[in-house]
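**Student:** What follows is a structure written as structure tokens; I'll ask about it next.
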Amino acid sequence: MNDPISAAWERLAALEPATLAALFEDDPGRVDKFSRRLEFRLGELGDVGILFDWSKTHLDDTALATFEDLARACDFAASRTALFSGGVVNPTEGRAANHGAMRGSGSEPEVEEAGALLARMGMLVEAIHDGALGEVKHLIHIGIGGSALGPAMAVDALTRDGARVDTQVVANIDGLALEQAFAACDPETTLIAVASKTFTTTETMTNAASALKWLADNGIADPYGRVIALTANPDRAVEWGVDETRILPFPESVGGRYSLWSSIGFPVALACGMEDFRALLAGAKAMDDHFRNTEGRDNAPLLAAFADLYYARIRGCQTRAVFAYDERLALLPDYLQQLEMESNGKSVTVDGEPVERPTAPITWGGVGTDAQHAVFQLLHQGTHIVPVDFIASIAPGDLLDPAHHRALLMNCLAQGAALMTGSEADDAARHYPGDRPSATILLDDIDAASLGALIAFHEHRTFANAALMRINPFDQFGVELGKAIAKRIDSGEGDFDASTMALMQAAGLR
Ligand code: F6P
């Protein structure tokens, strides 16, 4: 174990961290040292202010210095440069990861191409708003995984006070999901977006075919004329029947779970307007700039990754939880689940060697204050240590009595304090052990620009985690086997294990 990477991990494993209480007691400057307030001035597109407070974690100066050594040993700076310069950062698929270019961060040709694609999307969105496709009141956006979670979250976050076009996002192949969308829409005034990077995903193509049938059954003469395709496989969309003028392509080098910034974000632009979509991109670009130009512990996503790795790899925490204390971010935990678990749920390094320590923890979470009354018992008194992120906005999303938002924020902060300080009691059942870690992300407000910055923060945090674990965050071969077996079941051929055979029979599949 003499190489500098292993040596850094050994040093991290040998640390004997103080309790959170002791860390605060020993260092009056701890809050400042472990907090970063980022402010981005984006002109007409708005201002972003976000406070990242990582002080209630067990990181101390020695841990930070050791993680910085690890980052140097892994040549983190070179990985980051490769990410933004179109280098092959996804070696198993021989691809770059050009999602940054979609928002203007990358090398010139990719950024230029992205600008042209965005302009094309802008023209279509504005034409639809101007009535070029007749009256459009509803959009049924059909996609799954990365082709659904980002648009669903962003539309939900940004249209709480009304949308220009009502948007229903349908992912599941369970027909109930599509039926529910149909019930909310008038076929006469509905457009269908078919969002699929590959344009082959079974769920999406099955739902898209059923949506076309619904239009036809309801008297729409040219159902294909109501379809917009969002894809990296435009040829396939043409074959399927979409007119080229209504295909919004994006590059193959943009991964599904990183594709909100591409034409996959079309429903955000349609529901909120192009200006908001541009603000989303600008907020993300500002976070890119911070991530690219800031070193070591001052880099907010990298600092967050240090804490993530400390808990997952050194303290053996198998999960991490995210609680959004804001209804506008209700879908953020779902989005982060895919981002983090599909990216970093791996068992081999970039060199194909087995990893020596755990990789991504299980990301889970929910909305505060609801979750306090459901799952927080385990966080406070259970046997698992779960690092928690609390995310809140200083400005409220509602117009009701300010008492609502005040209570929301008070509860959010109270939970972090309670996890850390705990509480003594003679009765063991009423004892709170405390010393449980959390981090808090406090946004000035939730608008398109700050949402963009928040998502980009998490993308870079995920990338930084991967770089320091030396794994590839951009492939996802783990999702393929189940799909292949489903196809074999469908074909009616082949033998399976006894349990699966019996279940197939019970379910009427054989
Ligand atoms: O099966 C997983 C996955 O490939 C995700 O990575 C992706 O976001 C999702 O399916 C949808 O894929 P597509 O956009 O090609 O339909």
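**Student:** Order of 231-237, 274-280 by packing, highest average Cβ count within 10 Å first? Before the final figure, lay out each step's value.
**Tutor:** On the way: 231-237: 19.4, 274-280: 22.3.
The peptides rank, most packed first, as 274-280, 231-237.
**Student:** Quick check: net charge around residue 219, other residues with Cβ under 13 Å of its Cβ, Lys/Arg +1 and Asp/Glu -1?
**Tutor:** That works out to -2.
**Student:** Among rounded, prolate and oblate, which fits the range 359-510 when a ≥ b ≥ c are the square roots of the eigenvalues of its C-alpha gyration tensor, a/c under 1.5 means rounded, and a/b larger than b/c means prolate?
**Tutor:** Details: a/c = 2.13, a/b = 1.68, b/c = 1.27.
Prolate.
**Student:** Would you kindly give the portion of the calculated P(r) for the range 1-142 that falls above 25 Å, as a percent of all Cα pairs?
**Tutor:** Values: 6027 of 10011 pairs.
The answer is 60 percent, as a whole percent.
**Student:** Could you state, as a whole-number percent, how many of the C-alpha pairs of the range 207-289 are farther apart than 21 Å?
**Tutor:** Roughly 41 percent, rounded to a whole number.
**Student:** Can you compute log10 of I(q)/I(0) for the range 100-277 with the Debye formula, treating each Cα as one identical point scatterer, at q = 0.12, 0.18 Å⁻¹?
**Tutor:** -0.48, -1.16
**Student:** I need the peptides 327-336, 200-209 ranked by packing, meaning the mean over residues of other C-beta atoms within 10 angstrom, with the highest value on top.
**Tutor:** Values: 327-336: 21.5, 200-209: 19.0.
Averaged packing, sorted descending, gives the order 327-336, 200-209.
**Student:** Continuing with the same structure: Net charge around residue 296, counting only other residues with Cβ within less than 13 Å of its Cβ (Lys, Arg = +1; Asp, Glu = -1)?
**Tutor:** Residues close to residue 296 contribute a combined charge of 0.
**Student:** For the range 338-479, give me the percentage of DSSP beta bridges that are antiparallel, rounded to the nearest 5 percent.
**Tutor:** Values: 2 of 8 bridges.
Antiparallel bridges: around 25 percent, rounded to the nearest 5.
**Student:** Can you tell me the Rg and Dmax of the range 231-271, counting just the alpha carbons, in angstroms?
**Tutor:** Rg, Dmax (Cα atoms, Å): 10.6, 28.
**Student:** Additional query: Using the heavy atoms of the protein chains and a 1.4 angstrom probe, tell me the accessible area per residue for the chain in square angstrom.
**Tutor:** Numbers: 21940 Å² over 510 residues.
So the chain comes to 43 Å² accessible per residue, rounded to a whole number.
**Student:** Calculate the radius of gyration of the Cα atoms of the range 62-127 to one decimal place, then report Dmax, the largest Cα-Cα distance, as a whole number, both in Å.
**Tutor:** Gyration radius and largest Cα-Cα distance of the range 62-127: 16.7, 57 Å.
**Student:** Another question about this same structure. Note the full-extension length gain between residue 347 and residue 177 as 0.36 nm times their separation in residues minus their Cα-Cα distance, in nm to one decimal. Write down the numbers at each step before the final one.
**Tutor:** Values: separation 170, 0.36 × 170 = 61.20 nm, distance 3.38 nm.
Extra length available between residue 347 and residue 177 comes to 57.8 nm.
**Student:** Go ahead and run the numbers for FRET between residue 430 and residue 401, Cβ-Cβ distance against an R0 of 35 Å, rounding to 0.05. Intermediate results must be reported in sequence, preceding the final value.
**Tutor:** Details: r = 33 Å, r/R0 = 0.95.
It comes out at approximately 0.55.
**Student:** While we're looking at this one, here's another question. To the nearest 0.05, how large is the calculated FRET efficiency for residue 480 and residue 137 if R₀ is 22 Å and r is the Cβ-Cβ distance? Kindly include the intermediate steps, with their values, before the conclusion.
**Tutor:** Working: r = 39 Å, r/R0 = 1.75.
Computed FRET efficiency for residue 480 and residue 137: 0.05.
**Student:** If amide hydrogens are placed 1.01 Å from N in the peptide plane, which non-local residues have theirs closer than 5 Å to the one on residue 47?
**Tutor:** Under 5 Å from the amide H of residue 47: 42.
**Student:** Note down, for the range 316-387, the three equivalent ellipsoid semi-axes (square root of 5 times each alpha carbon gyration tensor eigenvalue), biggest first, whole angstrom. If you can, show how the numbers build up before the last one.
**Tutor:** Details: eigenvalues 149, 53, 6 Å².
The answer is 27, 16, 5 Å, longest axis first.
**Student:** May I pose another question? So who's got an amide H within less than 5 Å of the one on residue 169, skipping anything under 5 residues away but keeping other chains? H placed 1.01 Å off N, in plane.
**Tutor:** Here 141 satisfy the definition.
**Student:** Now, a different point. Calculate one ³J(HN,Hα) per residue across the range 376-384 by plugging θ = phi - 60° into the Karplus curve 6.51 cos²θ - 1.76 cosθ + 1.60, and present them in order as whole Hz with x for glycine and proline.
**Tutor:** Couplings: 5, 3, 5, 4, 7, 10, x, 8, 8 Hz.
**Student:** Let me know the Rg and Dmax you get for the range 287-326 when you use only its Cα atoms, in Å.
**Tutor:** Both quantities, over Cα of the range 287-326: 12.6, 32 Å.
**Student:** Given a 1.4 Å probe and every protein chain left where it sits, what share in percent of the accessible area of the chain is carbon and sulfur? Provide the component values of the computation, followed by the final result.
**Tutor:** Numbers: 11440 of 21940 Å².
Looking at the chain in its full context, I get 52 percent from C and S.
**Student:** Semi-axes of the equivalent ellipsoid of the chain: what are they in whole Å, largest first, if each equals the square root of 5 times a C-alpha gyration tensor eigenvalue?
**Tutor:** On the way: eigenvalues 298, 141, 124 Å².
The three semi-axes for the chain are 39, 27, 25 Å.
**Student:** In deg cm²/dmol and to the nearest 500, what is the mean residue ellipticity at 222 nm of the chain if only DSSP H runs of at least 4 residues count, each as -39500 (n - 2.57), divided by the residue total? Write down the numbers at each step before the final one.
**Tutor:** Values: 19 runs with 220 residues, N = 510.
Computed ellipticity for the chain at 222 nm equals -13500 deg cm²/dmol.
**Student:** Among residues other than residue 39 whose Cβ falls under 11 Å from its Cβ, what is the net charge (Lys/Arg +1, Asp/Glu -1)? Intermediate values should be presented prior to the final figure.
**Tutor:** Numbers: positive: 36, 37, 41; negative: 47, 444.
Summing Lys and Arg as +1 and Asp and Glu as -1 gives +1.
**Student:** At a 10 angstrom cut-off on C-beta neighbours, averaged per residue, how do the peptides 485-497, 97-109, 27-39 rank from highest to lowest?
**Tutor:** Sorting 485-497, 97-109, 27-39 by mean packing, highest first, produces 97-109, 27-39, 485-497.
**Student:** Kirkwood hydrodynamic radius (Cα pairs, Å) of the range 436-478?
**Tutor:** Numbers: mean 1/r = 0.0800 Å⁻¹.
One over the average 1/r among Cα pairs gives 12.5 Å for the range 436-478.
The values are calculated or read from the model by the stated rules, or taken from the named source; none is laboratory data. Computed from a predicted structure; not experimentally measured. Note that we place each Cβ from the backbone using ideal geometry, even for glycine, and neighbour counts take in every protein chain shown. For the accessible areas, the whole protein counts, side chains as well, though only heavy atoms, and no ligand, DNA or RNA atoms are used. Shrake-Rupley method; radii C 1.70, N 1.55, O 1.52, S 1.80 Å.
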